Amino acid sequence: MDGFWDFVGSYWWLVFPLSGIVGGWVKGAQKWDERRRRDKIEMYRIKHAGAQAAKESEEALTGEIQRTLAEHDEVERRWLDYELDAVKVLEYPVMTDMREQVTVDFHRARRDAEGLRPQDPDELRDRPRLDRYRAAVRELQTRFDVAEREAKRRRASDFSPAERQALDRAKTLLALADDEGATHAERQSAYRRAVKELEGIVALPDAATEALEQRIAGLLGQGAEREGRDPGAEPSRP
């Protein structure tokens, strides 16, 4: 031990250059450690950025599918407002007149969109299939808007004055037939007279006719029950 201190005492001047060397080693080690830490952070970011991007892409695709399906459903809802409402058909006859090109174009687009819509929405995660379906829905929206604008523009203008008067009377009668506040006899008579007014003027869609008859039958049945009569009995003549 004494020899070590004798050496240090004799060569104390070596402390200065050695301290510089040691300091350089320490600084180099620190820089290397910092670089390694940054490299690890960058590798982590790169690795997880791909997973995050994939997740965001899947979420965007899901949203696109849901929006397209909702847009299709909305057009169908708007169409059913016409198809199932006899009074609305009388107000805008172009919407259900298959002699009109705009109506034919709408129904063709409706058929195409329905044919591309799968029962399982997950099938639309295939991008080409989704693109075809989305394009069909856009076409359906456009064709419906065109037909609706034309129907609202023309309304019943294509009919003669006498026919328009008959349509107005039929709408009034159907409203009465659908009125729960009216008596059984009033609803019964109004329905039959409305059907008579429409003969040779407007052919109601089957869906509208069926919905109307079911609704009227239900109302007539309710009225008969309130009046203590058999709903299935032959109605009396007005």
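The values are calculated or read from the model by the stated rules, or taken from the named source; none is laboratory data. Note that this is a predicted model, so its numbers are computed, not measured. Neighbour counts run over all protein chains shown; Cβ positions are idealised from the backbone, glycine included. Accessible surface is based on the protein model in full, side chains and every heavy atom, while ligands, DNA and RNA are left aside. Shrake-Rupley method; radii C 1.70, N 1.55, O 1.52, S 1.80 Å.
Just a few scattered comments:
- Net charge dipole size for region 140-187 [Lys, Arg +1 and Asp, Glu -1 on Cβ; Debye, nearest 20]: 320 debye
- Computed about its Cα centre, the charge dipole of region 86-162 is approximately 180 debye, with only Lys, Arg, Asp and Glu carrying charge at their Cβ.
- Ligands, DNA and RNA are left out, and with a 1.4 angstrom probe the accessible area of region 111-172 is 63 Å² per residue.
- Accessible surface of region 107-152, 1.4 Å probe, proportion on carbon and sulfur as whole %: 42 percent
- E210 accessible area, assembled protein chains, probe 1.4 Å, Å²: 110 Å²
- Shape category assigned to region 149-209 from the gyration tensor of Cα positions, a/c cut at 1.5: prolate
- In a reduced charge model with +1 at each Lys and Arg Cβ and -1 at each Asp and Glu Cβ, region 73-113 shows a dipole moment near 140 debye about its Cα centre.
- In sequence order, region 134-139 has phi-based couplings of 4, 4, 5, 5, 4, 5 Hz under the Karplus curve 6.51 cos²θ - 1.76 cosθ + 1.60, θ = phi - 60°, and Gly or Pro positions carry x.
- Ordered by solvent-accessible area of protein heavy atoms (1.4 Å probe), largest first, the residues L140, L84, L204 come out as L84, L204, L140.
- Charge-dipole axis of region 146-197 as Lys and Arg at +1 and Asp and Glu at -1 on Cβ define it, positive-most pick from A170, F159, A182: F159
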